[in-house]
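Report on the structure given below.
FYI, it's all coordinate maths here, none of it is from the lab. Because the structure is predicted, anything quoted here is derived from the model rather than measured.
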Amino acid sequence: MKKIKSYEVKRIENEVEVTTYLDRLSYALKSGQAKINYQKDRIVDENRDIRYTNRYTLSNLFPDEDEVEVLKRELVFLTVENYIETVKDTRFLKKSDMRVFGKKYSHEDVYIKIRVELLTASGSAIFVMSFHFAERVFVYSNFPYNKNRGE
């Protein structure tokens, strides 16, 4: 495991773990029993170029669409090849890990960070912390399960 910030520890899950996670995410989204919570405005965005914010990215890529519906639709299409890493926030040990993905939209890299929490038998909550244009261009080495990695 590698530390990102003093409170974040990252790791690479094996391909089966990521596939299982994505299958469960897809099932929760398609069943209609998952609630999407997303951070439209984040404290970390206060001093950030607006182009790299959730608000800007979603309105730019999906104008005139409901953001929650867009996220429900788009998260279903994530694949193991989009996976970058898994992050544990050590400030909140009881919360589930966050998964980080990257995907191209309109020829631009988009950074996606999500956390899924099982609430009750009535469903799950999917927290979307990040869905914004990437501040740095993705390279194949960012994606451990990308078939084109290393080319």
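For the reader, a short list of remarks on this structure follows.
- Overall form of the chain: rounded. Here a/c, set by the Cα gyration tensor axes a ≥ b ≥ c, is under 1.5.
- Contact order normalised by residue count of region 2-142, Cα under 8 Å, 6+ apart, percent: 29
- Antiparallel %, DSSP beta bridges [both residues in the chain], to 5: 85
- Cα-Cα over 22 Å, subset of 72/113; 30/147; 40/113; 10/30; 35/104; 72/94: 30/147; 10/30; 35/104; 72/94
- Helix-only mean residue ellipticity at 222 nm for the chain, each DSSP H run of n ≥ 4 adding -39500 (n - 2.57), per residue, nearest 500: -7000 deg cm²/dmol
- Whether region 1-60 is rounded, prolate or oblate, judged on the alpha carbon gyration tensor where a/c under 1.5 counts as rounded: oblate
- Of 41, 64, 97, the one that fluctuates the most in a GNM where the chain has Cα springs shorter than 10 Å: 64
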